[in-house]
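S.K.: So that we are looking at the same thing, I have put the structure below in structure tokens.
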Amino acid sequence: MHHMTLAEIARGLADKKFSSVELTQTLLARIAQLDPQINSFISLTQDLALGQAKAADERRANGESGALLGAPIAHKDLFCTQGIRTSCGSKMLDNFKAPYDATVVAKLAAAGAVTLGKTNMDEFAMGSANESSWYGAVKNPWNLEHVPGGSSGGSAAAVAARLLPAATATDTGGSIRQPAAFTNLTGLKPTYGRVSRWGMIAYASSLDQGGPLARTAEDCAILLQGMAGFDPNDSTSIDEPVPDYSASLSGSLQGLRIGVPKEYFSAGLDPRIAELIHNSIKALEKLGAVIKEISLPNMQHAIPAYYVIAPAEASSNLSRFDGVRFGYRCENPENLEDLYKRSRGEGFGSEVQRRIMVGAYALSAGYYDAYYLKAQKIRRLVKNDFMTAFNEVDIILGPTTPNPAWKLGAKSSDPVAAYLEDVYTITANLAGLPGLSMPAGFVDGLPVGVQLLAPYFQEGRLLNVAHQYQLNTDWHTRTPTGF
């Protein structure tokens, strides 16, 4: 059963080939057996999962149906789950049990999804390798000596290792799409505001967006259907109708205009990945798509702009973790100042501290105009480039990452090298656009992803293209050895 996709599980449950309780017990046993190799979970929720599975079976017995009813998933450990530890991968929140469910958690639970646990992640979602977690690094199931990508590496590794069919994740600068590329999955970052951020612990509020990680575009459509929608509790949520994403999968690609930015194929891109991307382009051309070269001239400025804006917002958001109200508190503080300093110094890891410092500097008096304000102006230029491009093409295609997954520890001493791995993904976050990564082949036995970007609220178009591509390729069906 562990090799079944969400869509196959839905059909199996509907046909009474197995129950949700049987499926849940099978996957919990598999997690207990295999997860020690990859460290993809922070918390397992066996009792909750079995209770939800039993309730789902009863709902089906009473005539209810639904693609997620009885389907097992896991949540990235920054979605608040009532009464369950929500750690954000940090010592700071190791003892925090959320008093409420995030909107995403509540919506999926109402749809009947079964929560197996909370997945590992880079601390406060800051990282591209899932090595900054206080609970230890996550390992890539395709090669245990390599990273799975970050910050949603736990969700990605768990799905890739067939511990469960799908998981929730978040994307601030590529944290859904990059792990998807590194672990041979399909990952979708929706339009900013499409999925509620209420109850999702913030890193950078104007960039963070929740989305699905799964093996296929079809499964991403199912999970996104359960996650998306307007939320009055979230001031950044968009009151926009949610289409039937599964219904959009079967559309023809005849005449679809695909833009390929010339800036994507620079010296920084591994030529072996470039070849796989060109192969993907040829496959889509055979399905009727029309390819056009385009330009995104301000892409070169995106990384410096992002690494001013994101740390600035992080320094503000993380100021709430002060040792006073909740989370980690140092022992025997001498006074209030000592409480603040030691609680934050001991509770936050080095990468989080680094980004808080950068952000505080960028927002400080005398530097705000020189750094933060200028970065926001660049952000507008990046968005304008996309708006111009989408007047000419329907989607934009390119690599998800410039290189395959690197070895654990290879970039630990050089954070800037890790930041540069986000070069193709962060532009979508700066502009608020939807983006998807899908499997496109392998380099040295490690997966490679191709990225698709679309205009606002065109997630259905991305899922349609990815689904049609996956009907004609088999990269997404490959399974890591030993799992």
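S.K.: Under 5 Å between amide H atoms, partner at least 5 residues away or on a different chain: which partners does R257 have, H built in plane at 1.01 Å?
M.R.: V290, D394, I395
S.K.: Using the beta-carbon distance between D47 and A247 and R0 = 56 Å, what value does 1/(1 + (r/R0)^6) give for FRET efficiency, to the nearest 0.05?
M.R.: Values: r = 36 Å, r/R0 = 0.65.
Efficiency, rounded to the nearest 0.05: 0.95.
S.K.: Another one. Work through the residues other than K17 whose Cβ is under 11 Å from its Cβ and net out their charges, Lys, Arg +1 and Asp, Glu -1. List each step's numbers first, then the result.
M.R.: Numbers: positive: R11, K16; negative: E8, D15, E22.
Its environment carries a net charge of -1.
S.K.: Please give me the summed charge of the neighbours of T5: other residues whose Cβ is under 12 Å from its Cβ, Lys and Arg +1, Asp and Glu -1.
M.R.: Details: positive: R11, R162, R215; negative: E8, E218, D219.
Around T5, the charge tally is 0.
S.K.: Starting from the 7 Å offset along Cα-to-Cβ, what nm value, one decimal, do you get for the label separation of L381 and N233?
M.R.: Placing both labels 7 Å beyond Cα along the Cβ direction yields 4.0 nm.
S.K.: Quick one: Cα centre-to-centre distance for region 115-157 and region 84-113, in angstrom?
M.R.: 17 Å
S.K.: I'd like the projected area of the chain, averaged over all directions, using the convex hull of its alpha carbons. Report it in nm² with one decimal.
M.R.: With every direction weighted equally, the projected area is 21.7 nm².
S.K.: Restricting everything to alpha-carbon atoms, can you work out Rg to Rh for region 308-386 with a Kirkwood hydrodynamic radius?
M.R.: Details: Rg = 15.7 Å, Rh = 14.0 Å.
Rg divided by Rh gives 1.13.
S.K.: Calculate the length of the line joining the C-alpha centroid of region 294-352 to that of region 207-226, in whole Å.
M.R.: 28 Å
S.K.: With r defined as the distance between the Cβ atoms of R59 and A365 and R0 fixed at 56 Å, what FRET efficiency is calculated, to the nearest 0.05?
M.R.: That gives a FRET efficiency of 0.45.
S.K.: Still on this structure, I have one more. Please check the chain for the longest run free of GluC sites (Glu not before Pro) that are loop-located per DSSP (anything but H, G, I, E, B) and have at most 14 other Cβ atoms within 10 Å. Display every interim value, and only then the final one.
M.R.: Working: sites that count: E64, E145, E331, E334, E392.
Between the exposed loop sites, the longest stretch runs 146-330.
S.K.: For region 272-279, in order, what is each residue's ³J(HN,Hα) by Karplus, 6.51 cos²θ - 1.76 cosθ + 1.60 with θ = phi - 60°, in whole Hz (x at glycine and Pro)?
M.R.: Karplus values, whole Hz, x for Gly and Pro: 5, 5, 4, 5, 5, 5, 5, 5.
S.K.: Ignoring ligands and nucleic acids, what accessible area does S437 show with a 1.4 Å probe (Å², nearest 10)?
M.R.: Accessible area, nearest 10 Å²: 0 Å².
S.K.: Near N120, within a Cβ-to-Cβ distance under 11 Å, what is the net charge of the other residues, with Lys and Arg +1 and Asp and Glu -1?
M.R.: Numbers: positive: K76, K118, K139; negative: D35, D77, D122, E123, E131.
Neighbourhood net charge equals -2.
S.K.: Just list whichever of K76/K282; K262/K374; K262/K411; K189/K282; K189/K262 have alpha carbons separated by over 30 Å in the model shown. Working shown, then result.
M.R.: Values: K76/K282 35 Å; K262/K374 25 Å; K262/K411 27 Å; K189/K282 25 Å; K189/K262 23 Å.
Long pairs (Cα-Cα over 30 Å): K76/K282.
S.K.: Report the calculated FRET efficiency for I291 and N95 (r = Cβ-Cβ distance, R0 = 51 Å), to the nearest 0.05. Provide the component values of the computation, followed by the final result.
M.R.: Details: r = 53 Å, r/R0 = 1.04.
Working from the Cβ atoms, E equals 0.45.
S.K.: Then there is this: Taking a temperature of 20 °C and a viscosity of 1.002 mPa s, what whole-number D in µm²/s does Stokes-Einstein yield for region 209-322 with Rh from Kirkwood over alpha carbon pairs? Kindly include the intermediate steps, with their values, before the conclusion.
M.R.: On the way: Rh = 18.4 Å.
Stokes-Einstein gives a translational diffusion coefficient of 117 µm²/s.
S.K.: Could you tell me the center-to-center distance, by alpha carbons, between region 229-289 and region 375-391 in angstrom?
M.R.: If we compute the Cα centre of each part, the gap is 18 Å.
S.K.: Test of understanding: express the Cα radius of gyration of region 97-229 as a ratio to 2.2 N^0.38 Å, with N the residue count.
M.R.: Numbers: Rg = 13.4 Å, N = 133, 2.2 N^0.38 = 14.1 Å.
Its radius of gyration relative to the 2.2 N^0.38 Å reference: 0.95.
S.K.: Please turn the phi angles of region 287-303 into ³J(HN,Hα) values with the Karplus equation 6.51 cos²θ - 1.76 cosθ + 1.60 (θ = phi - 60°), one per residue in order, whole Hz, x for glycine and proline.
M.R.: 8, x, 6, 10, 9, 9, 6, 10, 10, 10, x, 8, 4, 4, 8, 5, 5
S.K.: A follow-up question, please. Let me see the pair-distance distribution of region 1-147: every alpha carbon pair, 10 Å bin width, integer percents in order.
M.R.: 12, 38, 34, 14, 2
S.K.: Right, something else. What is the Cα radius of gyration of region 49-92 over 2.2 N^0.38 Å, N being its residue count? Before the final figure, lay out each step's value.
M.R.: Values: Rg = 14.1 Å, N = 44, 2.2 N^0.38 = 9.3 Å.
That works out to 1.52 for region 49-92.
S.K.: Among the DSSP beta bridges whose two residues both lie in the chain, what percent are antiparallel, rounded to the nearest 5? Don't skip to the answer; put the middle values down first.
M.R.: On the way: 31 of 44 bridges.
The answer is about 70 percent antiparallel.
The values are calculated or read from the model by the stated rules, or taken from the named source; none is laboratory data. Remember, predicted model here, so these are calculated numbers, not experimental data. Methodologically, a virtual Cβ is constructed for each residue, glycine included, from the backbone with ideal geometry; neighbour enumeration extends over all protein chains shown. Note: accessible area is taken over every heavy atom of the protein model, side chains too, but ligands, DNA and RNA are not part of it. Shrake-Rupley method; radii C 1.70, N 1.55, O 1.52, S 1.80 Å.
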